[in-house]
Each structure stands twice: as structure tokens, then as C-alpha cells.
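Readers should treat all values here as calculations from the given coordinates under stated rules, not as data from a laboratory. Not measured: the values here are computed from a predicted model. Neighbour counts run over all protein chains shown; Cβ positions are idealised from the backbone, glycine included.
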Amino acid sequence: MMYKSTTIMPWYQFTPPGLPRNPSDPNQYTLVGNAPALCPGINLRLCSIQANDNMGHPIITAVLIAEIAMALENNTTSTNVFLKP
């Protein structure tokens, strides 16, 4: 029998300190809680990601990197990636 995890992963806002902007760098994210940040006024397409937590930073897996790339390429928010509206 398979069990689904009921753990809700937290959301992290993409907050790069400058250049280079690297969505695969966990240090360029800020923990925001149970909902994605809306990113008002920020000139970035990537707003927030949902991931497992590692001491206040997201655990960015290869699967999540691929989901970020696909969301940005298609300009479409996905399950774990929230783009600027």
C-alpha cells in the first residue's frame, strides 16, 4: 500500500542579492511560509518556489530545477513554482 505524504512544504521567495541571479542557489531564497509570495514590484519572473526545508533554505533538487526551467520557458506557474502575475 502506498501512502501520500501529508507534509506541506513551505514556500520561498526568490530574493537574489544582485547578479548573478541563480534560481538553483538555495541562498537566493527567503522563507515566506504556507503560501507563495506575490512579488509586487519586483522585476523578476520567478517569484516563489515550494520545497522541503533545510534550516530556512529550500532543498533544490534536480526535479525542482527542471520544473523551474519549464515554468519559465512556458511562462506558466506550476505546482511548485509561482511566477510573477
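Overview of values
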quantity	calculated
Helix-only [θ]222 nm of the chain, DSSP H runs n ≥ 4, -39500 (n - 2.57) each, per residue, nearest 500	-5000 deg cm²/dmol
Contour excess over end-to-end distance, with Cα ends at L19 and H57 and 0.36 nm allotted per residue	11.8 nm
The chain: relative contact order in percent, alpha carbon pairs under 8 Å with at least 6 residues between	30
Cα shape, the chain, gyration tensor, a/c 1.5 rule	prolate
Degrees, to the nearest 10: 62-74 long Cα axis against longest axis of the chain	50
Stretch gain in nm, segment M9-N74, where the contour uses 0.36 nm per residue and the Cα spacing is subtracted	21.0 nm
Residue order, fewest to most beta carbons within 10 Å, for E67, E73	E73, E67
